Amino acid sequence: MPHPAPAHPFDDDKLKEECGVFGVVGTADAANFVALGLHALQHRGQEACGMVTHDVATGFHSARRMGIVRDNFTSPEVMATLPGEIGIGHVRYSTAGNKGQTAIRDVQPFFGEFSMGGAALAHNGNITNAASLRRELIERGSIFQSSSDSECIIHLMARSMGKTIPDRMEEALRKTEGAFSVVAMTRTKLIGCRDPRGVRPLVLGKLATGWVLSSETCALDIIGAEFIRDIAPGEMVVASAEGGVESYFPFRQKGSRFCIFEHVYFSRPDSILGGRSVYETREAIGRELAREAPVEADLVCPVPDSGTPAAIGYAAESGIPYGMGIIRNQYMGRTFIEPSEQIRNMGVRLKLNVNRALIRGKRVILVDDSVVRGTTTRKIKEMILDAGAAEVHFRIASPPTAWPCFYGVDTPQREKLLAATMTEEEMREHLAVDSLKFISLDGLYRAVGEAGGRDPARPQYCDACFSGEYPIEPADMIEQGFQLKTAAE
């Protein structure tokens, strides 16, 4: 059955959150903690969710569902089917496999039965050599059940000669390229691992009687866990209720290249990334943007919700009053209604509405996190002008998004990215706004704490979506004909 079209164009004009992973060991009713953790990570994926637990008496238990956590893992009847003191979970937005056409077989965690016992695995990121790995595994007899690149890891583990599950996982991950933050479990151990570049986030937390692994710290807060530290790039940790946490570094160190867009958009503002408050970083981005791209205006308005902290920073730095010129309908979700064409044509108005009394007659600065295709930006501009604004100026809290991401973020093909085919001035004319300015790449680096800006010889973050410089070669995409950045670009 074809996947329904997005309820409104707003959903189709943002970079989609990757996925979220969460795991806990050493606490009764682990499934309840996993459900709460996944709920806190819901912003990272809303297509599907899944969970695996293990109970000493009854073994492994699994539940995978389409839709969001609150619709699937809140009833006592469902939670009763997931007993045990260890569990992992996953929220999914499809970044590989059948994008936008998620089948239940693609929903993680994936489970495998090995000679030394079962193991389940949940993965955030993208394996950039998955196609070649898949071909090789199928030629050697592997039978795949899903279209997900993550299943390759399970098959590689099955073929490993390692004596323990962590050994097999380590050997499997050595053969993969790309970005991965993995949470896995055996009957008694919780395992976490990040790729050598540390592109995707993973953190360690402590409960009174156990340990937690999570994509973000906000999911530790919801269950009352103490944030211990980030899992380091290239690190594998193995936690158990009795034995504490063991740490290994099985991969050759390559230098951290954490995704800078986590700071701009993906992570929740109440999370901590690399010791920095996401909210404070986004406010700093707004301040930097105000210094780089000032303009005379009467009002600074965020495009909610992701533009709000940057707008607050812009207003504070510029001295221009801040106001909620656009109001977001908090109850407008992806499962709204099967929309008629008439309703779909209402577009952004289903989610955002202009505060007319505040906007009328004003020169308005709108602060947003990014411009992807530009369709939503144009519609918001039209709404602001319809409400009587005198001028509309856009300030964007990230550099122009001109290149697709291959590390776990669903971005459009390059030719559909506005910044890939237009200069900043051409984009301004296309969007028909009074002015359009993006934060510079150096300015973004300064806002995330790099006082000297971006080091072009050894960039401190992965910024491929802005720079076109990919820290990990996207082998599968090159095989399909994708052209890397040339010297002229």
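The values are calculated or read from the model by the stated rules, or taken from the named source; none is laboratory data. Bear in mind the structure is a predicted one, so any value in this text is a computation, not a measurement. For neighbour counting, all protein chains shown are included, and Cβ atoms are generated from backbone atoms with ideal geometry for every residue, glycine included. In case anyone asks, the SASA skips ligands and DNA or RNA and just uses the protein heavy atoms, side chains included. Shrake-Rupley method; radii C 1.70, N 1.55, O 1.52, S 1.80 Å.
Points to keep in mind about this one:
- Subset of segment 294-319 that is open to solvent by less than 10 Å² (accessible area, probe 1.4 Å) and part of a loop (DSSP other than H, G, I, E, B) - its residue that is farthest from VAL371 (Cα to Cα): PRO304
- Filter pass, ASN124 being touching a helix residue (DSSP H, G or I) at 6+ places or on another chain (Cβ under 6 Å) and within 24 Å of ALA475 (Cα to Cα): no
- Subset tally (residues that are free of Cβ contacts under 8 Å to residues at least 40 places away in the same chain and farther than 20 Å from PHE266 by Cβ) for segment 456-479: 3
- Among the residues of segment 155-186, those that are more than 24 Å from the chain's Cα centre (by Cα) and more than 26 Å from ARG229 (Cβ to Cβ) comprise HIS155, LEU156, MET157, ALA158, ARG159, SER160, MET161, GLY162, LYS163.
- The number of residues in segment 148-176 that are of a type outside the set (Val, Ile, Thr) and open to solvent by less than 30 Å² (accessible area, probe 1.4 Å) comes to 15.
- Of all positions in segment 235-254, none carries a residue that is aromatic (Phe, Trp, Tyr), closer than 27 Å to ALA447 by Cβ and either assigned to a strand (DSSP E or B) or open to solvent by 10 Å² or more (accessible area, probe 1.4 Å) (or both).
- Which numbered condition GLY333 fails, given (1) open to solvent by 20 Å² or more (accessible area, probe 1.4 Å); (2) modelled with pLDDT of 95 or more; (3) under 22 Å from the mean Cα position of the chain (by Cα): (2)
- Single match in GLY112, GLY118, GLY84 (criterion: closer than 20 Å to PRO166 by Cβ and either out of contact with any strand residue (DSSP E or B) (no Cβ under 9 Å at 6 or more places or on another chain) or crowded, with 19+ Cβ neighbours inside 10 Å (or both)): GLY84
- Reported count of residues in segment 223-247, each being modelled with pLDDT under 95 and either among the small types (Gly, Ala, Ser) or within 20 Å of GLY125 (Cβ to Cβ) (or both), is 3.
- Filtered residue count, segment 376-416, keeping only those that are farther than 12 Å from VAL433 by Cβ and of a type in the set (A, V, I, L, M, F, W, C): 9
- Matching residues in segment 300-321 - criterion: being free of Cβ contacts under 8 Å to residues at least 60 places away in the same chain and of a type outside the set (Ser, Thr, Tyr): PRO304, ASP305, PRO309, ALA311, ILE312, GLY313, ALA315, ALA316, GLU317, GLY319, ILE320, PRO321
- Scanning segment 117-149 for residues that are of a type in the set (Phe, Trp, Tyr) and within 25 Å of the chain's Cα centre (by Cα) yields nothing.
Quick grid of which residues meet (1) surrounded by 21 or more Cβ atoms within 10 Å (Cβ to Cβ); (2) touching a residue at least 24 places away in the same chain (Cβ under 8 Å); (3) of a type outside the set (Gly, Ala, Ser):
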{"residue": "PHE33", "(1), (2), (3)": "yes, yes, yes"}
{"residue": "GLN42", "(1), (2), (3)": "no, yes, yes"}
{"residue": "GLU47", "(1), (2), (3)": "yes, yes, yes"}
{"residue": "VAL52", "(1), (2), (3)": "yes, yes, yes"}
{"residue": "ASP55", "(1), (2), (3)": "no, yes, yes"}
{"residue": "GLY67", "(1), (2), (3)": "no, yes, no"}
{"residue": "ARG70", "(1), (2), (3)": "no, yes, yes"}
{"residue": "THR74", "(1), (2), (3)": "no, yes, yes"}
{"residue": "VAL78", "(1), (2), (3)": "no, no, yes"}
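- Residue list for segment 399-432, restricted to those being more than 30 Å from ALA130 (Cα to Cα) and open to solvent by less than 10 Å² (accessible area, probe 1.4 Å): MET427, LEU431
- Residues of segment 436-458 that are out of contact with any Lys or Arg (no Cβ under 7 Å at 6 or more places or on another chain) and either open to solvent by 10 Å² or more (accessible area, probe 1.4 Å) or over 18 Å from GLY313 (Cα atoms) (or both): PHE438, SER440, ARG446, GLU450, ALA451, GLY452, ARG454, ASP455, PRO456, ALA457, ARG458.
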